[in-house]
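Note sheet for the following structure.
The values are calculated or read from the model by the stated rules, or taken from the named source; none is laboratory data. Just so it is clear, the structure is predicted and the values come from calculations on it, not from any experiment. In this analysis, Cβ positions are derived from the backbone assuming ideal geometry, glycine residues included, and neighbour counts consider all displayed protein chains. When the accessible area is computed, the model is the full protein with side chains, heavy atoms only, and any ligands, DNA or RNA have been set aside. Shrake-Rupley method; radii C 1.70, N 1.55, O 1.52, S 1.80 Å.
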Amino acid sequence: MTGAASRLTDAIGVLFGAPPPVRIRAWDGSEAGPADAPVLVVRQRRALRRLLWKPGELGLARGWVAGELEVEGDLYEALERLSGLLWERDPAAGRKTSLRDAQVRGALRELVALAGPLPPPPPPAEEAVRGSGPLHTRRRDRQAISHHYDVGNDFYARVLGPSMVYSCAYWSPGGTLEQAQYDKLDLVCRKLALGEGDRLLDVGCGWGSMALHAAREYGARVTGVTLSREQAAYALKRVAEEGLADRVEIRVQDYRDVRDGPYDAVSSIGMAEHVGAERYREYAGDLFGLLRPGGRLLNHQIARPPEADESAYRVDQFIDRYVFPDGELSPLGSTVTELERAGFEVRDVESLREHYALTLRAWVANLEDHWDEAVRLTSPGRARVWRLYMAASALGFEHGRLGVNQILAVRQAERGLSGLGLRTRTWNTGAPEAGSEPAAGGPGPAGLPDLAVEGPGPGGGSFGLAELAEAVEHAERVGPPVPAGAEEPVAEAPGY
């Protein structure tokens, strides 16, 4: 009798117009498919019942989380091959979908016979319970955040490493994950031009890494808010251990309930994906209202390509049920538009897409290296969820199906003053240039080095842009015009 693997391979070939791109090993020990490909192991036939009941990624995900499906070999290669079969094939390339076709009916009957009696087993315990009521209420957001983040700080420590930063790192060639995460936090601080005594609100503060970095390295006074009690407890312990309780406050609080502005700066790193399209204008408006005139926002957010018809956008079922319930991704252009509608002036956008692919691969490696511990700290199903979603997401960033961007925006002060220099892309946080000083009454980037311009300043040596602006203003007020042809060369400030 023909083995189950060959029967599966033949049925898939009929339904998809091409044989499976991976080798299949079935529950009866039979194998079929290319010998040099990763092996999709169908450990139990009820995985087929899940797929027949929920065709597509949700059925596959349930089988994977339950341990009924497994991959032997390179997981990334297997996902690449399967994505080409399931999601990227041209519908006109020979796939048969009509139930009027006798071959299609025969293939479906074969799958039903292989799967055994319906209905399928219940979803794995790791699947989120569907929330009730409107999306993105305070109560429903707390439930969604708890599902994702309250799975154990020790588990996350195995995946994220000592930095405990759960967002895209900022890599240099040959660098380590820890250095790349330090560099990302530092990049955010430099873009925000943080200085001694500046008030920073860190929205979605996670385990406190950004708050600690800003206080320790830049002398900022930081308020971090999160909806996860486990994250907050971990962050408070780190604050106490580093002796920064006088500079860092961690709250279990919804950002919509923060009322103690104004702040000099707001950082939102990997949090806005939880806001939802319907609430995004409210989110942007709330952050705008929490900033002083001249204050700065750094919004670090995953993006998706725009749809030809945005109403057709649907949240990924696997991510929604197992990873980020109620999470939504928006195109970059939509995010920029909503920030501008709230009153922000967008000053810079930087894509870190390739950086997130590297970060995710590093997290997958950490998880695989600590697999037994991760399973013990959570559950086998939860560990499988994280391995699948991080590996698949890494491929999404590599192939351009996902992006991640840092958006620097300001709340302008009077007369349109931004408080930023003319060449902010250098991220040199020196004294503001002439015409862009901070609004009166608000602290500027004090205590940080000036951009230096070499020249015969007072007492010789170099002097900063503030002194240069004062000298130019004085010369224009009292000095004679410079004769034609007698101009001195102007020192160039650092460029991009």
Residues located in the stretch 1-34, provided they are part of a loop (DSSP other than H, G, I, E, B), over 37 Å from the mean Cα position of the chain (by Cα) and hydrophobic (A, V, I, L, M, F, W, C): Met1, Trp27
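Taking Arg384, is it within 18 Å of the chain's Cα centre (by Cα), touching a residue at least 60 places away in the same chain (Cβ under 8 Å) and open to solvent by 20 Å² or more (accessible area, probe 1.4 Å)?
Numbers: within 18 Å of the chain's Cα centre (by Cα): no; touching a residue at least 60 places away in the same chain (Cβ under 8 Å): yes; open to solvent by 20 Å² or more (accessible area, probe 1.4 Å): yes.
So Arg384 does not fit the description; no.
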Single residue of Leu236, Leu244 found to be of a type in the set (A, V, I, L, M, F, W, C), assigned to a loop (DSSP other than H, G, I, E, B) and over 28 Å from Tyr389 (Cβ atoms): Leu244
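Any residue in the stretch 341-364 that is among the aromatic types (Phe, Trp, Tyr), surrounded by 20 or more Cβ atoms within 10 Å (Cβ to Cβ) and closer than 28 Å to Arg81 by Cα?
So the first thing to find is which residues in the stretch 341-364 are among the aromatic types (Phe, Trp, Tyr), and the list is 344, 356, 363.
Still in the running and surrounded by 20 or more Cβ atoms within 10 Å (Cβ to Cβ): 344, 356, 363.
From the residues that got through so far, the ones that are closer than 28 Å to Arg81 by Cα too are 356, 363.
Scanning the stretch 341-364, I find at least one residue that is among the aromatic types (Phe, Trp, Tyr), surrounded by 20 or more Cβ atoms within 10 Å (Cβ to Cβ) and closer than 28 Å to Arg81 by Cα, so the answer is yes.
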Single unsatisfied condition, Ala303 versus (1) without any contact (Cβ under 8 Å) to a residue 60 or more places away in the chain; (2) among the hydrophobic types (A, V, I, L, M, F, W, C); (3) farther than 28 Å from Glu414 by Cα: (1)
Contacts under 6 angstrom Cβ, first residue in the stretch 68-83 being in contact (Cβ under 8 Å) with a residue 40 or more places away in the chain, partner open to solvent by 20 Å² or more (accessible area, probe 1.4 Å) and in a loop (DSSP other than H, G, I, E, B), 6 or more apart: Arg81/Pro21
Residues of the stretch 314-333 that turn out to be closer than 27 Å to Gly343 by Cα and not in a strand (DSSP E or B), as a count: 7
Matching residues in the stretch 168-208 - criterion: being open to solvent by less than 50 Å² (accessible area, probe 1.4 Å), outside any helix (DSSP H, G or I) and under 18 Å from Arg221 (Cβ atoms): Leu192, Ala193, Leu194, Gly195, Gly197, Asp198, Leu200, Leu201, Asp202, Val203, Cys205, Gly208
Every residue from the stretch 323-352 that is over 17 Å from Gly285 (Cβ atoms) and modelled with pLDDT of 95 or more: Pro331, Leu332, Gly333, Arg347, Asp348, Val349, Glu350, Ser351, Leu352
Residue, farthest from the chain's Cα centre (by Cα), within the stretch 275-313, restricted to residues that are among the hydrophobic types (A, V, I, L, M, F, W, C) and part of a strand (DSSP E or B): Leu291
The stretch 388-425: number of residues that are open to solvent by 40 Å² or more (accessible area, probe 1.4 Å), out of contact with any strand residue (DSSP E or B) (no Cβ under 9 Å at 6 or more places or on another chain) and either of a type in the set (A, V, I, L, M) or touching a residue at least 60 places away in the same chain (Cβ under 8 Å) (or both): 4
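Report whether or not Ala61 is within 29 Å of Val364 (Cα to Cα), touching a Phe, Trp or Tyr at 6+ places or on another chain (Cβ under 6 Å) and crowded, with 20+ Cβ neighbours inside 10 Å.
Working: within 29 Å of Val364 (Cα to Cα): yes; touching a Phe, Trp or Tyr at 6+ places or on another chain (Cβ under 6 Å): yes; crowded, with 20+ Cβ neighbours inside 10 Å: yes.
Yes.
Restricted to the stretch 149-167, and to residues that are in a helix (DSSP H, G or I) and in contact (Cβ under 8 Å) with a residue 40 or more places away in the chain, which residue is most open to solvent (accessible area, probe 1.4 Å)?
First, pick out the residues of the stretch 149-167 that are in a helix (DSSP H, G or I): 149, 153-160.
Cutting the leftovers down to in contact (Cβ under 8 Å) with a residue 40 or more places away in the chain gives us 149, 153-156, 158-160.
Details: Tyr149: 24, Asn153: 30, Asp154: 88, Phe155: 1, Tyr156: 0, Arg158: 61, Val159: 1, Leu160: 1 Å².
So the residue we want is Asp154.
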Residue in the stretch 223-238 that is open to solvent by 40 Å² or more (accessible area, probe 1.4 Å) and over 30 Å from Arg139 (Cβ atoms) present: no
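Give the residue, chosen from Glu338, Glu368, Glu373, that is under 30 Å from Pro293 (Cβ atoms), assigned to a helix (DSSP H, G or I) and either of a type in the set (Gly, Ala, Ser) or touching a Lys or Arg at 6+ places or on another chain (Cβ under 8 Å) (or both).
Working: Glu368 fails: under 30 Å from Pro293 (Cβ atoms); Glu373 fails: under 30 Å from Pro293 (Cβ atoms).
Just a single option satisfies the conditions, and that option is Glu338.
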Whichever residue in the stretch 277-322 is at pLDDT 95 or above and small (Gly, Ala, Ser) and, among such residues, is most open to solvent (accessible area, probe 1.4 Å): Gly289
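Glu31 - would you say it is acidic (Asp, Glu), closer than 21 Å to Arg384 by Cβ and either modelled with pLDDT of 95 or more or open to solvent by 40 Å² or more (accessible area, probe 1.4 Å) (or both)?
On the way: acidic (Asp, Glu): yes; closer than 21 Å to Arg384 by Cβ: no; either modelled with pLDDT of 95 or more or open to solvent by 40 Å² or more (accessible area, probe 1.4 Å) (or both): yes.
The answer is no for Glu31.
Looking at Pro38, is it at pLDDT below 95 and either touching a strand residue (DSSP E or B) at 6+ places or on another chain (Cβ under 8 Å) or open to solvent by less than 40 Å² (accessible area, probe 1.4 Å) (or both)? Before you say what the answer is, go through the steps one by one.
On the way: at pLDDT below 95: no; either touching a strand residue (DSSP E or B) at 6+ places or on another chain (Cβ under 8 Å) or open to solvent by less than 40 Å² (accessible area, probe 1.4 Å) (or both): yes.
Criteria not met by Pro38.
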In the stretch 262-274, the residues that are open to solvent by less than 10 Å² (accessible area, probe 1.4 Å) and either hydrophobic (A, V, I, L, M, F, W, C) or assigned to a helix (DSSP H, G or I) (or both): Ala265, Val266, Ala272
